[in-house]
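What follows is a set of notes on a single structure, which appears directly below.
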Amino acid sequence: MSLSDEARRNRAYWNRKSDEYQERHAEFIGRPEPRWGVWQIPESELSVLGDVAGRDVLELGCGAAQWSILLARQGARVVGLDNSERQLEHARQNMAKAGLDFPLVHASAEHVPLPDGGFDVVFCDHGAVAFVDPYKTVPEAARLLRPGGLLVAQCGGRGNIARFHAAAREVGAAEPYADHLVGWTGPWNFAGAEETAERLERAGFADVDTWLEPYPVTPDDPPAFVRAVCLRPHLERLPAELHDRFVEAVCSVSGSELDYVRLNIDARKPS
Ligand SMILES: C[S@@+](CC[C@H](N)C(=O)[O-])C[C@H]1O[C@@H](n2cnc3c(N)ncnc32)[C@H](O)[C@@H]1O
């Protein structure tokens with residue numbers, strides 16, 4: 001199956017970053033129970049997935065499968081999908097440590113090589129839905145779900161780090177960065193709640209609930225964090241000798257708080 005340019009770039013990025021990501025966030029993503037998003041709110045409190053025992057569950061962008069392993073322990077028949085082979089190597093190691101074995105699929109969530117209607121739940125916590133064009137993932141999720149099946153996802157929503165991006169644009173508009181950055185709009189697509197709901201309804205979903213939640217975050221080490229996460233696409237366009245100066249300049253304009261906004265998606269395919 002052919003990969004989009006964005007998915008190819010994203011695959012190369014996650015293959016490169018996987019080891020560091022798994023090490024740096026081991027505690028956060030190695031949670032002892034399923035917990036959602038940056039808030040780490042326990043699924044047992046929110047109950048958005050419901051009882052997964054005996055259900056077919058697909059995780060889009062499973063990374064090292066920490067979420068999938070927890071759901072498999074609850075009796076779900078899980079399939080983990082990820083675009084990065086290195087992330088899936090970590091998933092295999094974690095499954096072996098947990099004494100579990102379930103299918104892992106190496107593919108982009110844009111085109112999932114699985115048959116129609118095989119899942120009761122398709123979910124994503126800061127995985128593929130955060131990186132892929134929703135015009136592709138939403139119809140794919142609708143195709144993969146059985147009638148009555150549930151789609152649950154969380155990703156960046158409209159206004160996500162808008163203040164931070166404005167600071168990066170301001171710095172990037174001046175020399176020596178302008179040649180590399182002016183006119184470039186970046187790979188982001190932070191959808192609003194209403195347009196996402198319309199998209200879901202057009203793809204045939206019902207009981208659609210979408211909402212935005214502002215979640216300002218101050219990382220422990222803002223320059224290191226924004227270099228690794230928020231400014232990564234900018235730095236890929238800049239020569240290496242400009243990286244330190246650019247990160248420092250953007251941080252001094254933006255301040256250390258990042259204005260994250262999360263988009264929550266909860267929708268059901270009609271029975
Ligand atoms: C921030 S990581 C999160 C992984 C996991 N959900 C977790 O909580 O640790 C994002 C994951 O999405 C995957 N991803 C990005 N684009 C994807 C795509 N087009 N299809 C499938 N997975 C994708 C990456 O390879 C990476 O493993």
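Taken together, the values in this text are just the output of simple stated rules run on the coordinates, not laboratory data. Just so you know, these numbers come straight off a predicted model, no measurement behind them. Glycine also receives a Cβ, built like all others from the backbone with ideal geometry; neighbour counts cover every protein chain displayed.
Any idea what the dipole of region 112-271 comes to, in debye rounded to 20, about its Cα centre with Lys/Arg Cβ at +1 and Asp/Glu Cβ at -1?
Using Cβ point charges on Lys, Arg, Asp and Glu, region 112-271 gives about 400 debye.
Using the Cα centre as the reference, give the magnitude of the dipole from point charges on the C-beta atoms of region 178-267 (Lys, Arg: +1; Asp, Glu: -1; all else neutral), rounded to the nearest 20 debye.
Computed about the Cα centre, the dipole is about 340 debye.
For region 238-252, in order, what is each residue's ³J(HN,Hα) by Karplus, 6.51 cos²θ - 1.76 cosθ + 1.60 with θ = phi - 60°, in whole Hz (x at glycine and Pro)?
Listing the rounded values in order: 9, x, 4, 5, 9, 4, 4, 5, 5, 4, 4, 5, 5, 5, 6 Hz.
Relative contact order for region 1-118: what is it in percent, counting Cα pairs under 8 Å that are at least 6 residues apart?
Relative CO of region 1-118 lands at 25 percent.
Taking every pair of distinct Cα atoms and averaging 1/r, then inverting, what Kirkwood hydrodynamic radius in Å comes out for the chain?
In the chain this quantity evaluates to 19.4 Å.
Can you find, among His111, Leu258, Leu70, the residue sitting farthest towards the positive end of the charge dipole of the chain, where Lys and Arg contribute +1 and Asp and Glu -1 at Cβ?
Projecting each Cα onto the dipole axis, the largest value belongs to His111.
Based on alpha-carbon atoms only, what is the radius of gyration of region 1-101 relative to the globular estimate 2.2 N^0.38 Å?
Here the Cα radius of gyration is 1.10 times the empirical estimate.
So what are region 8-52's ellipsoid semi-axes, whole angstrom, largest first, if each one is the square root of 5 times an eigenvalue of the alpha-carbon gyration tensor?
Those come to 27, 13, 8 Å.
Please work out the Cα convex hull volume for region 114-271 and give it in Å³ per residue.
With only Cα atoms used, region 114-271 gives 116 Å³ per residue.
Going by alpha carbons, how many degrees (0 to 90, nearest 10) lie between the helix axis of 5-24 and the longest principal axis of the chain?
90 degrees
Could you grab the relative contact order for the chain? Cα pairs under 8 Å, six or more apart, rounded to a whole percent.
18 percent
Treating the beta-carbon of each Lys and Arg as +1 and of each Asp and Glu as -1, no other charges, what is the dipole magnitude of the chain about its Cα centre, to the nearest 20 debye?
That gives a dipole near 500 debye.
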